[in-house]
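**Student:** The following block contains the structure, expressed as structure tokens.
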Amino acid sequence: DSGEQPREVFCNFEGKFSDLKSVDEYVYSMSLESLDTLNTPGEEYFRNGTKYISSTPYGLENTQEVYVYFPGCPTSSIPKEIADWVSMSYGIDVTAGLPDGYYILCDKNQICPFIGYKDKTAEKAESETSDPDTFSKAEIQEMLSEYLNGQIDTEEGAYEVCDESSENDTENSYEFVLRFSMSEKAVQAVIDAGGFPTANKLIDTITVDLTTGQVRYEGSGDTFQLWGRK
């Protein structure tokens, strides 16, 4: 265990294909007419303990012609490099042909194929890397807690991100109260030194900008990025 936080690289994009041509019964070629990246490459955000990093559409950069392999495509029609990539990266065995429900999309000159699904798997994958503006307040609260506690020595205690009121929430921002709860070890150290430990010490009020992902400490004015370009 390296102790490093799990990371996922993703890209949301859309485009348009044209000039569809049949290569054989199970393989078609088409031209990539346009391609737009919906996220800004380099943006980062945290969700469910994982850091998500947005990227460019790897495998479709500088692409002109794309091949599509349909379910039932025999192994003889799938280049070995593509078959090996699909097996290694997606765990899909194509030794008996492309299984029902699966599609392969690949640049003719690059071996970086995409897999299409005919079931709910793709929708599930998409939901894991959805745009930050779809986050609920509870999800952002969890993201804040994970991020802030990842920056400190947890032997001293832990930050608690509290949703104590929605009175100051707006369409574009959420407000939280940040407290610090001392660990038993830290509490005992204070007592042994003749001091009086403070339970759930109020640190500050923090506001999250839902548009930019910026977090602001209202007391000090300091900011940091929870998601978005650093």
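**Student:** Within the stretch 34-53, count every residue that is assigned to a strand (DSSP E or B) and closer than 16 Å to residue 6 by Cβ.
**Tutor:** Qualifying residue count, the stretch 34-53: 8.
**Student:** Please determine whether any residue of the stretch 48-56 is touching an Asp or Glu at 6+ places or on another chain (Cβ under 8 Å) and on the phi > 0 side of the Ramachandran plot.
**Tutor:** Yes; the residues of the stretch 48-56 include at least one that is touching an Asp or Glu at 6+ places or on another chain (Cβ under 8 Å) and on the phi > 0 side of the Ramachandran plot.
**Student:** If you go through the stretch 118-125 one residue at a time, do you hit one that is at pLDDT 50 or above, under 30 Å from residue 102 (Cβ atoms), in contact with a strand residue (DSSP E or B) (Cβ under 8 Å, 6 or more places away or on another chain) and not assigned by TED's automatic domain parsing to the domain that holds residue 209?
**Tutor:** yes
**Student:** Just give me the residues in the stretch 185-210 being assigned to a loop (DSSP other than H, G, I, E, B) and at pLDDT below 85, in sequence order.
**Tutor:** 193, 194, 195, 196, 197, 198, 199, 200
The values are calculated or read from the model by the stated rules, or taken from the named source; none is laboratory data. Predicted, not measured: the structure shown is a model, and the values here were computed from it. Here the Cβ is made from the backbone with ideal geometry for all residues, glycine too, and neighbour counts use every protein chain on show.
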